[in-house]
Amino acid sequence: MVSKFEKNVMLLLLITIVIPAIVMPLVVFKNDYRYHYPYASLPITIFNKEINEKPHRMNLKTFLQEKEYFEILKYIVFNPVISRSFFKYIFENKYYKKFIRMTVETSPFTLFNSHHLFGLYGIRFSMWQGDKLLILPQIFREDLQSGKLTNSLFASRHWQGLMYPIADCINRYSQIGELNNQHISMIKNILNHYLNRNNIDVDKITIDVTPIYSRSANEKINWERFCYAKVENKKVNGEINLRKLNHHPFSLHGVKELKDKFEYGLTYYTLK
Amino acid sequence: MLFLLRIYKKIDFYVEYFLQLEADSRVLSVYRIVFSVIGFIFIYNNILHIDLMTIGLESHYNIKIYRIANYCWLLSLFLINMGKGVIWFKTIHWLLAAYVINKSFIFSVENYLYLLSAFWIIFVNINSYYNILGQDKASGKVKAWPVYFFFVSLAGNFISSGITKLLDPIWLHGLGIKYFFSLGWPSINVLNSIAIPDSILTFANYSVILFEISVLLFFLIPKLRKISIAMVFIFFSLLTFPFRLDMIGPIGLSMCICFTSIIRFKK
């Protein structure tokens, strides 16, 4: 016997969670591509008012004209009335947004799209006593395999997850030449966490990075120093020195391979 | 008017039918135990990295609340594991998980999968068997509709993932899997030393897209439902081994146990 209450709950869940979980990712393209923007994936910011949407909409239009995949998608994407109504009345509602953040993902899943493959950096922390290296880097090994911190079946992805915020800082710094206080304090916190986990006395801690896609075509892996900081009492308290990188994910083999086929802009999402 | 009434009755009939579908409660009880064991590891990792996770929480007070929430979350999961998972405990567990995960500095797919599981188990009866407290009487069948919704919510993400891949230049040109292998860190070391022919990688590339787009479609067709669940199982198995997307694979595999509860095998 089915109770009326159960029926109502089921219908409510269907309307508020299950249907949006399928429909929303198909109609809303979220700008989540800071690391490589706008090169990598073409699901482009259409609804984000913070950036100029026109060139991106045109990009997508050209792309879809070449490959006639989704007629319906095309209609939704190029019809601002429908798309904006969705966005304005449902998706932008703050309570609904909060609720959906606690349940399902309503933005497109982009796992291992171009931004994962080209837009990130391998990270190595090194701890120094004078010129002597005390702790070897452990997130990624020399050859970009998983290091000790991440290499076990039930290890957390927290360390590898640091690729994203650090890559963001590298890309911003390499392009603009400065980072705001929030970014600096974030790097400090990351370094302090690493120092805390190792708990030894050192003079200096550094972060070396390499574009994460380097192995194909026997390309050399170039570890470059992105930042170094002095350590006192097992903590980074003072200034952090940053360096612009010579190597950049876009200069690598994979992207060159695609350059003849696609002509996209290679500018990053600018710092506000 | 009569026409609308007829449509309403038809919809109502199907809704009633859907609500009466049953799942295997023994399998769901196994799911409860596997999910909670993996959940313990997940929360333990979070507690271990609490300094990292609280980056961005400026006040000391917020950090304290975050820390307490982690321990309460662990406790609620323990109660669920024991079979004490009445709806209120499961709701508290979900709310704590949502709080901690949304406040964390790093958000990755495993967090999302955990949150999704934590939400849908509220509606699933997972306490019928292996219940230490022995509160619920064992019944062979329980309501299946939350499990269906659970699967569809996950499959929605697969579809969007497949479509973003279709719009992605490297995946469109059959290079996605090739570059994925090139990364090194997402797979076991042995796999990195084997030279896999490009043709196989290109085939795998398009298979992934096809899989991601067809999972939901297959699930909606009753005769293909088993294939759809098997596809998800294979996918998460591969993410556990030989690929090394730690915690995404194990949490995904635990979900697959839940999904198998709606498969009716012929005796």
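The values are calculated or read from the model by the stated rules, or taken from the named source; none is laboratory data. In this text, all values refer to a predicted model and were calculated from it rather than measured experimentally. So basically every Cβ, Gly included, is an ideal-geometry build from the backbone, and we count neighbours across all protein chains shown.
Please verify whether B:Asn111 is farther than 30 Å from A:Ile187 by Cα and polar (S, T, N, Q), treating the condition exactly as stated.
It is false that B:Asn111 is farther than 30 Å from A:Ile187 by Cα and polar (S, T, N, Q).
Quick one: would you say B:Ser161 is within 21 Å of A:Glu105 (Cα to Cα), in contact (Cβ under 8 Å) with a residue 12 or more places away in the chain, of a type in the set (Ser, Thr, Tyr) and touching a Phe, Trp or Tyr at 6+ places or on another chain (Cβ under 7 Å)?
The answer is yes for B:Ser161.
Checking the structure you have, find out if any residue of the range B:198-216 is touching a Cys at 6+ places or on another chain (Cβ under 9 Å), of a type outside the set (Lys, Arg) and farther than 27 Å from A:Gln145 by Cβ.
no
Within the range A:180-189, identify whether any single residue is away from chain B (no Cβ under 14 Å) and crowded, with 21+ Cβ neighbours inside 10 Å, and answer yes or no.
Scanning the range A:180-189 turns up no residue that is away from chain B (no Cβ under 14 Å) and crowded, with 21+ Cβ neighbours inside 10 Å.
Just to be sure I understand the filter: pairs with C-beta atoms under 6 Å, separated by 6 or more residues or on different chains, first member in the range B:245-265 and under 16 Å from B:Asn157 (Cα atoms), second member buried (at least 23 other Cβ atoms within 10 Å of the Cβ) and of a type in the set (Asp, Glu). Which pairs pass?
These pairs meet every condition: B:Ile248/B:Glu110; B:Ile251/B:Glu110.
For the range A:152-165, which positions are at pLDDT below 80 and surrounded by 18 or more Cβ atoms within 10 Å (Cβ to Cβ)?
Residues satisfying the conditions are A:Ala155, A:Ser156.
Looking at (1) free of Cβ contacts under 8 Å to residues at least 60 places away in the same chain; (2) of a type in the set (Val, Ile, Thr); (3) in contact with a strand residue (DSSP E or B) (Cβ under 6 Å, 6 or more places away or on another chain), which one does A:Thr150 not meet, given that it meets all the others?
Tallying (1) free of Cβ contacts under 8 Å to residues at least 60 places away in the same chain; (2) of a type in the set (Val, Ile, Thr); (3) in contact with a strand residue (DSSP E or B) (Cβ under 6 Å, 6 or more places away or on another chain), A:Thr150 fails exactly one: (3).
If you check B:Leu52 against the conditions, is it more than 9 Å from chain A (Cβ to nearest Cβ) and either closer than 24 Å to A:Thr150 by Cβ or not in a loop (DSSP other than H, G, I, E, B) (or both)?
no
Taking the condition farther than 24 Å from B:Gly249 by Cα, part of a helix (DSSP H, G or I) and of a type in the set (Ser, Thr, Tyr), does B:Tyr61 pass?
Answer is yes for this residue.
Of the residues that sit in the range A:121-135 and are under 17 Å from A:Glu232 (Cα atoms) and among the charged types (D, E, K, R), which one is surrounded by the fewest Cβ atoms within 10 Å (Cβ to Cβ)?
A:Asp131
Can you give me the ranges of the helices (runs of 4 or more DSSP H) entirely in the range A:129-211 with at least 2 residues that are polar (S, T, N, Q)?
Because the criterion is at least 2 residues that are polar (S, T, N, Q), the helices (runs of 4 or more DSSP H) in the range A:129-211 that meet it are A:163-176, A:181-198.
Quick one: count up the residues across the range A:1-17 that are at the interface with chain B (Cβ under 10 Å from one of its Cβ atoms) and in contact (Cβ under 8 Å) with a residue 12 or more places away in the chain.
1
Using the structure shown, decide if B:Leu113 is of a type outside the set (Val, Ile, Thr) and away from chain A (no Cβ under 14 Å).
Spelling it out, it is not the case that B:Leu113 is of a type outside the set (Val, Ile, Thr) and away from chain A (no Cβ under 14 Å).
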